[in-house]
Each structure stands twice: as C-alpha cells, then as structure tokens.
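Encoded as structure tokens, the structure appears first; notes follow it.
The values are calculated or read from the model by the stated rules, or taken from the named source; none is laboratory data. This one's a predicted model, so the numbers in the text were calculated from it and none came from an experiment. Every residue, glycine as well, gets a Cβ built from its backbone with ideal geometry; the counts of neighbours run over all protein chains shown. Accessible surface areas use protein heavy atoms only, side chains included; no ligands, DNA or RNA. Shrake-Rupley method; radii C 1.70, N 1.55, O 1.52, S 1.80 Å.
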Amino acid sequence: MTSDTASHKHSTPVYAEAPSPVPCQQRIMLAQDASHAEVARFVEAMQALQQPVTLVGLTGRAPHAVQQEIVSDRASLGQRLTVLLDDAPLCTRLHVSGDEAFLWHCHALAQAAGLADEQIELIRLGQRRHLYCVHCSCLQEIAEEGEATCQDCGVRLLVREHFSRRLGAYMGVCLDACDPRGEGRP
Amino acid sequence: MTAALEVQVAGICQLTPVVREFTLVPVDGILPSFSCGSHVQVHIEAGGRTLRNAYSLLGDPADRDHYRIAVRLQEASRGGSRFMHEQLSVGDRLRLSPPANLFAPHSRARHHVLIAGGIGITPFLSYIAELQAKGASFELHYAYRAGLTDAYLASLRQRLGERLHGYDSLQGQRLDMGRLLARQKLGTHAYVCGPQSLLDCVREQAAMLGWPQSSLHWEAFAAPEPGAAFSVTLTSNGRQIDVPADSSLLETLEAHDVELPNLCRGGVCGQCATGYSSGEVEHRDSYLAPAERATTLMPCVSRGRCGSALTLNL
Ligand code: FES
C-alpha cells in the first residue's frame, strides 16, 4: 500500500501562498525572475525554517544573502536542475516561481528528474498562460483572453478552463466548426 | 467473486521451529501467473468455520506449475496458522483465492530499499527474483531472531552478498531506521513488510525526515484482531446476524453467504467498504478518512462496539 495524495491531473491547479513548513533535507528554488519581491518573501520564509536553500534564477538577483546562481536560458536551467537533483537527498523540496507556462515546464523537468508531485510547490507570478491547440498540437502563450487564433494552423480557438498539467496548458478548441478560421463564409 | 483455485499440498518444509513452507500444485491445469509482491488468500477450515488468511507468494513469478507460501505459527493464532502447521499434510487439498497484488515495486524507482521483519521477508523473495532479473538497484534490510524467524537467511546471504543487511535481535543488532532513510537519494522507493511495530517505526522516521509518501510502500496483512461480540442487521432483507468475538465481520458475513469484494483483509485496500446507517462502530482500518467513518466501515477489520447493533446497507 502507498498512501498517495490524490492528484487531479486536469483540474485548475492550486498554487502556493507560502513555503509549506514541512521537514526536508534541502530546498531548491527556481525563479523566472529572482529579483521579484515574492521570491524574496519565499526565500526569507524558507531561511526561517533553518533548512538549506539554493536559488537558481533565469534573470535578476535576489537581494538576499542566499546561495544563488543565474543561468542564461531555459535549456541551461533544465540542465542545472538535472545536475542539482541527480545526487540530491530524497527529502528535497522544489519551489518554482514564475508565470504558469514556466511553472509547468519546470514541473515536468523536476518530475523527470525523480521528484514526486508532492515535493514540488509552485508559486504563480504574472498572468501569462500556455494555450494548446487540440487541432494541430501547437503551444502558444496567451494572457487572460478567452479566445485566440492558433499561431500555427490559424483556427480561431476558444480557451477552455480545462488545464492539462502534463502540457502545462489550457485546451483550445475550435470556436466555430462551420467557420474555423473566422474568415466568414463566401 | 472470481472462482477459488483448487490446489494440493505437494511439499512441506520446516524452515525454522515456527516457519513452514508449503509447495502447492494445481489439482488440474496450470496456475494463474502473478506479479512480484502478490499474495493469495488460503481458505482454512478450522474450528467449524472458514478463515481466509493472506500469504505472499514466494519465488519466481515466472513459475506457473506451483506456488510456494511460508507460514509463521502465531501464538495468538485464531487457528489458521496452527491448522497450517499441525494438521495440513502432503496430499491434502486447499482452496485459494487467485493472486492479487497490493504491494508491487514502483516501476520508475531508481533504487529499491526492502525492509523486512521476521516472516515479513516473504513478499521480498519474489521481488528479489524480479529485481535481479532486471538488473535493478536494491538493498535488503532483514531484521530477525536467529534460529527462529530467520527463514531463508542463508540462501539470501549467498544470493545477495553485500546487498543483504541482517539484524539479529538476539545479538542486539539494531537497524537504525532514521539513518537508513536519511541517506537515500532522490528516486528511491522503500518497501516494508513485518510486524506493526516495524511499520510504525518506518512511518514515524519517514514523517520526521519529510519523506514523500508516494515513496513509501507497505504490505499490511494481519489477521483481524478479535474484539467483543456484536450483531448486525442487513437493510435489504432485515436479516440479523451475530458476530462472535473471535471472528471478523467480513468472515461472519461470508459464513452466511454474504460475499463482499475484498483483497487485503487488513483494512488497507478499500475493497470491502460497506455503508451503515446506525450503530456504534469501532473503526480499525487505515483506509477511510475520518469524515467517511460516520457512514462507512471496513468489515475486514472493524467491528461494532461491545453489544452494539449495526444496520448495514447490504
Ligand atoms: S479487504 Fe481490504 S480493506 Fe477490507
């Protein structure tokens, strides 16, 4: 038997308000922007828990006295995370801060590196989202809008509330099957 | 319910003064295949009633022409293990429920830590066959009492060498659970089978360290603890059934031809969940959430409080 925390694969995700004060051997924080005030608040809260913290940022620096590194792009962030987790103790917690697209990109990398869902805490900053076109499988970034045009196949899409954790994206389905490209009929 | 398998005892081997191994062959045909970590329920006719005790299948899951199980004689036995030790002989027939698995190794684990206490070694014999065949990384920690509950120790030593860590309680050797768990790397899964005290110890240390729950697995079949007698009423037909002190509610229902789905018979798998509408229940399972307990009980382990009358939604 395993007492698995039920994970709802397709419901709208819940994001962390503060680092959960559970025991662990180390914490790693990945920040899309390490200079963001929320990052500082989280790092401070983690340090107060007396657990070792490593911060890896894509841009910016935290004003804090915390062990931090900056990587140049998402690919090197992924590589850095893989190296950090490769020899990590089992009780490692990962915190990721950034927009939703960044969060789920890192979430997938972390799971591939062996972290369980329950060890990953996501902090959502900003409003950008990923939209998945169910017709051509293309992913694009959107803001809060409820409709969009697929960059790839040009179909007008309705943004559904259905969120896929695997893709880190909301599902976009054809808005009007009779007029998929919104060009109006002749 | 799936039909029971008919088997015959083909061999008995006394491994230690309290552990006996049985080789079971099908009465006809071949046996269903099983995955490592599986168990069967043996239907035991003892003292005028049928007990169903769960035992892990030993050995290589690839063997289809026989099953092997090992049974420890329990001092506080309700008669099941005593029957297996004192009455069952070569040539006798037995009925088994087909194999079920509640304790499979995690497929994506990078390292497996197996922790066994005494007779709790049994599910790991099939694990080891499979992990070795796959070339997987693993270590076995086996706590036992030399000469009494150290079944298979010699052959495991030979097969596993350094990967076997033995702890003999007679020599005061202790397994430092905190240290064992703390040194594990990401990607490790741990599996525990043994007495409740071992399980509690692992869980407590894991919680203190912040181990992810999904990395910890345990086998939990224990015979139901006896309690006080009580009675139940079935809603569908108003039938009243008395549950004696030394039988579980599930066993009693089965004896009255009320069959419920069940796998672990130890209050963990959730299969036997049954609704009730009145009466006071002594919940002994580790499956239901506190809120669910107001209307649901697990009859494999839970009972009505002394003298209480329960009304079951059956
Ligand atoms: S049979 Fe598994 S909980 Fe009752």
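Somewhere in region B:211-226, is a residue within 30 Å of A:Gln51 (Cβ to Cβ), away from the ligand (no atom under 12 Å from the Cβ) and in a loop (DSSP other than H, G, I, E, B)? Within region B:211-226, one or more residues are within 30 Å of A:Gln51 (Cβ to Cβ), away from the ligand (no atom under 12 Å from the Cβ) and in a loop (DSSP other than H, G, I, E, B). Between A:Gln127, A:Gln67, A:Gln50, the distinction of being open to solvent by 40 Å² or more (accessible area, probe 1.4 Å), closer than 30 Å to A:Gly154 by Cβ and at pLDDT below 95 belongs to A:Gln127 only.
Restricting attention to region A:70-88, the residues that are within 14 Å of chain B (Cβ to nearest Cβ), open to solvent by less than 80 Å² (accessible area, probe 1.4 Å) and not in a loop (DSSP other than H, G, I, E, B) total 4. Across region B:176-192, the qualifying residues are those that are in a helix (DSSP H, G or I) and open to solvent by less than 30 Å² (accessible area, probe 1.4 Å), and the one among them that is nearest to the other protein chains (Cβ to nearest Cβ) is B:Leu181. Looking at region B:257-276, can you tell me whether even one residue there is at pLDDT 95 or above and away from the ligand (no atom under 12 Å from the Cβ)? Checking region B:257-276: at least one residue is at pLDDT 95 or above and away from the ligand (no atom under 12 Å from the Cβ). Of the listed requirements (1) within 13 Å of the ligand (Cβ to nearest atom); (2) in contact (Cβ under 8 Å) with a residue 40 or more places away in the chain; (3) under 17 Å from the mean Cα position of the chain (by Cα), B:Tyr287 misses just one: (2).
Cβ-Cβ distances below 6 Å connect the following pairs, each with a first residue in region B:207-234 that is buried (at least 21 other Cβ atoms within 10 Å of the Cβ), a second residue that is of a type in the set (Ser, Thr, Tyr) and at pLDDT 95 or above, and a separation of six or more residues or different chains: B:His217/B:Tyr191. Residue under question is B:Arg72, and the condition is that it be under 16 Å from the mean Cα position of the chain (by Cα), open to solvent by 50 Å² or more (accessible area, probe 1.4 Å), modelled with pLDDT of 90 or more and under 16 Å from B:Arg95 (Cα atoms); does it hold? The answer is no for B:Arg72.
Considering A:Leu131, A:Leu167, which residue is outside any strand (DSSP E or B) and under 19 Å from the mean Cα position of the chain (by Cα)?
A:Leu167
Per the conditions (1) crowded, with 22+ Cβ neighbours inside 10 Å; (2) more than 14 Å from every other protein chain (Cβ to nearest Cβ), the sole criterion not satisfied by B:Glu86 is (1).
Listed by position, the strands (runs of 3 or more DSSP E) enclosed by region B:101-175 that each have at least 3 residues that are under 30 Å from B:Gly270 (Cβ atoms) and open to solvent by less than 50 Å² (accessible area, probe 1.4 Å) are B:111-117, B:138-144.
Residues that are in contact (Cβ under 8 Å) with a residue 24 or more places away in the chain and open to solvent by 30 Å² or more (accessible area, probe 1.4 Å) within region B:290-311 comprise B:Arg305, B:Cys306, B:Gly307, B:Ala309, B:Thr311, listed in sequence order. A residue that is in a loop (DSSP other than H, G, I, E, B) and either touching a Lys or Arg at 6+ places or on another chain (Cβ under 8 Å) or surrounded by fewer than 15 Cβ atoms within 10 Å (Cβ to Cβ) (or both) occurs somewhere in region A:95-107. Entry remark, region A:19-44: residues being away from chain B (no Cβ under 14 Å) and either assigned to a loop (DSSP other than H, G, I, E, B) or open to solvent by 40 Å² or more (accessible area, probe 1.4 Å) (or both) number 8 in total.
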